[in-house]
Structure formats: C-alpha cells, structure tokens
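The values are calculated or read from the model by the stated rules, or taken from the named source; none is laboratory data. Note that this is a predicted model, so its numbers are computed, not measured. Reconstructed Cβ throughout: ideal geometry from the backbone, glycine too, with neighbour counts over all protein chains shown. What goes into the accessible areas is simple: the full protein's heavy atoms, side chains included, and nothing from ligands, DNA or RNA. Shrake-Rupley method; radii C 1.70, N 1.55, O 1.52, S 1.80 Å.
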Amino acid sequence: DSMSSYERVTKHIPAGRENAITRCRLSELTGMSDRANRRYIEAARKAGIKIINEERGKGYYIAENDDEWLIFLERHRKKAMSELAIYNEGIKLLPNNYAVAQIVPVRAHIRHIKGDQPPLDGQMRLDI
C-alpha cells in the first residue's frame with residue numbers, strides 16, 4: 001500500500017471549518033485510538049498539511065487559507081508562551097541553593113573530558 005502512515009487519518013479530515021470532524025468520529029472512521037490519530041496528525045503537520053483542531057471539541061479540518069492557519073499557529077504560540085511562563089515563575093519558587101539539573105549533550109561532554117572517544121549520537125547525560 002503506497003499510502004503514507006498519516007494518510008490513513010488525513011483522508012478523513014475535510015477542508016473547511018464548517019466541515020470539521022470530531023475526534024470521536026475520526027476514531028470511528030480510522031479504527032484507531034484518539035492518541036494514534038493525534039500522532040498521525042502531528043506527522044501530517046510536519047509533512048506540511050495544515051490541519052487545524054478547532055477549540056471546544058468541534059474537531060479537525062484542513063485550513064482553506066493562510067489566514068486560518070496563521071490564527072491557529074498564533075493560538076498555539078500563545079499557549080506555549082503561557083506554559084513557559086508557568087515554568088519560569090515556578091522555578092523561582094525553588095530555594096536558591098536547590099541544584100537545578102543541567103542537560104549536557106554526550107558528544108560535547110566526551111569531547112570535553114576525553115577528546116579521543118567517538119561521540120554517541122542522540123544520547124544525553126543528566127548532571128544533577
């Protein structure tokens with residue numbers, strides 16, 4: 001089957017806000033869990049498909065124009081900034097002497113300590 005994995009989901013997502021499909025209905029049509037569908041939708045977005053999820057459970061649809069897409073992106077940017085503000089304020093609640101973990105990339109760490117070992121791609125080290 002030449003269909004990409006995310007096309008199993010995106011083929012059921014209509015264009016236009018007025019045609020939005022609910023998460024429940026999408027699961028019925030794909031035969032997959034809501035979580036699996038959301039993973040495929042994320043993959044489709046990364047592949048360039050402008051899938052919008054309407055707030056308040058109205059469902060998913062494909063943006064009909066760039067203005068719709070930009071409004072969706074702006075909503076997500078604001079949400080991300082709000083989450084970051086929670087972190088930034090929350091970290092201040094820790095005592096000054098509390099050791100905040102620092103993530104050190106293994107490649108940089110190996111280069112720094114040994115200099116002669118080949119780095120291990122994709123691994124991180126947590127120093128506490």
note = For region 24-63 the number of residues that are more than 19 Å from His76 (Cα to Cα) and among the aliphatic types (A, V, I, L, M) is 4
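Quickly run through region 65-81 and pick out the residues that are open to solvent by 60 Å² or more (accessible area, probe 1.4 Å) and either within 18 Å of the chain's Cα centre (by Cα) or touching a residue at least 12 places away in the same chain (Cβ under 8 Å) (or both).
In the first step, residues of region 65-81 are kept if they are open to solvent by 60 Å² or more (accessible area, probe 1.4 Å); the result is 65-67, 70-71, 73-79, 81.
Passing the criteria: Leu70, Ile71, Leu73, Glu74, Arg75, His76, Arg77, Lys78, Lys79, Met81.
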note = Within region 36-48, the residues that are in contact (Cβ under 8 Å) with a residue 12 or more places away in the chain, not in a helix (DSSP H, G or I) and not aliphatic (A, V, I, L, M) are none
ask   = Where residues in region 49-64 are modelled with pLDDT of 95 or more and not in a strand (DSSP E or B), which of them is least open to solvent (accessible area, probe 1.4 Å)?
value = Ala63
query = Would it be correct to say that Ile49 is touching a Pro at 6+ places or on another chain (Cβ under 9 Å) and among the hydrophobic types (A, V, I, L, M, F, W, C)?
reply = no
ask   = Restricting attention to region 104-125, does a residue exist that is under 30 Å from Asn37 (Cβ atoms) and modelled with pLDDT under 75?
value = yes
inquiry  = Just to verify a result, which residue in region 20-35, among those that are in a helix (DSSP H, G or I) and without any contact (Cβ under 8 Å) to a residue 12 or more places away in the chain, is most open to solvent (accessible area, probe 1.4 Å)?
reply    = Arg35
